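As structure tokens, the structure follows; a few thoughts come after it.
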């Protein structure tokens, strides 16, 4: 590049052995009305003709770099692209996604007008031909970014120094959540200014929704949509945007929010995505220093596991979602609980799976008696049974007999509450069982839990248990 002035935007495309779609992605970058950019295509140890496809464009703004070792995900190529980038801003484009010609112009205009750290455009998530759905990602009905709204990296533009402040892309195989969700979370938690752009400029072909996408490597969808983008430059979407904003305000459930599966472990979400794409499992890796911290210190993950109207103590859930610090003697759901359910009367509960975790944050040592309002579920083979409480090392530290429904008390061990936090697991002696037609293990239906000082005995569990016995 010589001594030429650095570009305004560095565009990073991470790619792996899918040169047919890469060609269309690059064409959508070169068609931008905002032309002050460099394009860095980073191969994740590509062995196909991706390099030849990139260099065939013969554009001085394009650079190619191929990693020596495959990282198996976008974090590796993206971090290399950041190291090579010279632009004031950084944008990402998935190798199987497309941009409208005004994409960069709208993002640059917004990030400068709002002095923002990160901006994102709206994205049309296009379903596969066999399921031709359309979803709008990155829609912000209130006109501001809200916690857990998801916008894919192909829609982002951020200041180059943002990753200096919040950290680089992290290896998704060591995280509970996808690496892009993790980076957006960290930017928000650092207080970065994140601004949505009310323009639809990204067309996404989600590989997870396309079985064996990485092994079949088709490009017919991208070819058809690129042809439409070239022939239909005046896309009339502003009225659609306003209509969707109105719909989103009336029905918040239409917003795309990330949620963790009940049995998630570090790397399991990333592994499931790879399997869905038709890729082989990655070899096991040692946990990186930057991986997710202990759950009792991980406010971000606890927010995903505990809904604002969940069964935990109201003061703790409110502090989790509205405050900046984890509360003292906070009680929260951890992993291995099934999703929140409710009946017609508004009674809420969670089903206990095997080793369902209860997390204690910043224990004072003054509160040790835990109450659970529960009834046995179909995962319990017979009554009476025993409810076990295990500490992090797996040892049983408390055992409570269960004869029916009601409030049970568990004395938490003083030694386990002496540190910065604690994680306990609830289970039964035999682990529970599944029932016909339902792969879940439904050991107990828990209506609420709290410290003894905070929760008077409830009649809801006993009422539900008696109703179940009568039927």
Note to self: What pairs come out if I take residues in region 229-253 that are on the phi < 0 side of the Ramachandran plot and pair them with residues that are outside any helix (DSSP H, G or I) and at pLDDT below 80 whose C-beta lies under 9 Å away, six or more apart or interchain?
What the structure shows: 229/235
Next item on the list: Tell me which of these residue 33 doesn't satisfy, since it passes every other one: (1) over 25 Å from residue 165 (Cα atoms); (2) free of Cβ contacts under 8 Å to residues at least 60 places away in the same chain; (3) surrounded by fewer than 18 Cβ atoms within 10 Å (Cβ to Cβ).
Entry: (2)
Note to self: Being part of a loop (DSSP other than H, G, I, E, B), touching a strand residue (DSSP E or B) at 6+ places or on another chain (Cβ under 7 Å) and in contact (Cβ under 8 Å) with a residue 60 or more places away in the chain is the filter here; which residues of region 149-171 pass it?
What the structure shows: 150, 160
Item checked: When residues of region 129-155 are limited to those that are modelled with pLDDT of 95 or more and touching a helix residue (DSSP H, G or I) at 6+ places or on another chain (Cβ under 8 Å), the one nearest to residue 88 (Cα to Cα) -> 153
Check: From the list 164, 97, 115, which one is outside the structural domain of residue 299 (by TED's automatic domain parsing), at pLDDT 95 or above and touching a helix residue (DSSP H, G or I) at 6+ places or on another chain (Cβ under 6 Å)?
Finding: 97
Notebook entry, point to check: When only residues in region 189-201 that are surrounded by 18 or more Cβ atoms within 10 Å (Cβ to Cβ) and modelled with pLDDT under 95 count, which is nearest to residue 76 (Cα to Cα)?
Noted result: 201
Margin query: Out of the residues in region 322-346 meeting the condition of being outside any loop (DSSP other than H, G, I, E, B) and free of Cβ contacts under 8 Å to residues at least 60 places away in the same chain, tell me which one is nearest to residue 421 (Cα to Cα).
Written below: 330
Check: assigned to a helix (DSSP H, G or I), under 21 Å from the mean Cα position of the chain (by Cα) and surrounded by 16 or more Cβ atoms within 10 Å (Cβ to Cβ), is that true of residue 273?
Finding: no
Note to self: Tell me whether region 14-27 contains one or more residues that are within 17 Å of residue 179 (Cβ to Cβ) and not in a strand (DSSP E or B).
What the structure shows: yes
Notebook entry, point to check: Considering only residues of region 207-225 that are closer than 19 Å to residue 99 by Cα and crowded, with 20+ Cβ neighbours inside 10 Å, which is modelled with the lowest pLDDT?
Noted result: 207
Checklist line | Subset of region 98-133 (residues that are touching a strand residue (DSSP E or B) at 6+ places or on another chain (Cβ under 6 Å), surrounded by fewer than 18 Cβ atoms within 10 Å (Cβ to Cβ) and not in a loop (DSSP other than H, G, I, E, B)) | finding: none
Margin query: Whether any residue in region 365-376 is closer than 20 Å to residue 420 by Cβ, touching a helix residue (DSSP H, G or I) at 6+ places or on another chain (Cβ under 8 Å) and either assigned to a loop (DSSP other than H, G, I, E, B) or without any contact (Cβ under 8 Å) to a residue 60 or more places away in the chain (or both) is what I want to check.
Written below: yes
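The values are calculated or read from the model by the stated rules, or taken from the named source; none is laboratory data. Computed from a prediction, not measured in an experiment: that's the story for all the values here. Ideal geometry is used to build each Cβ from the backbone, glycine not excepted, and the neighbour counts take in all protein chains shown.
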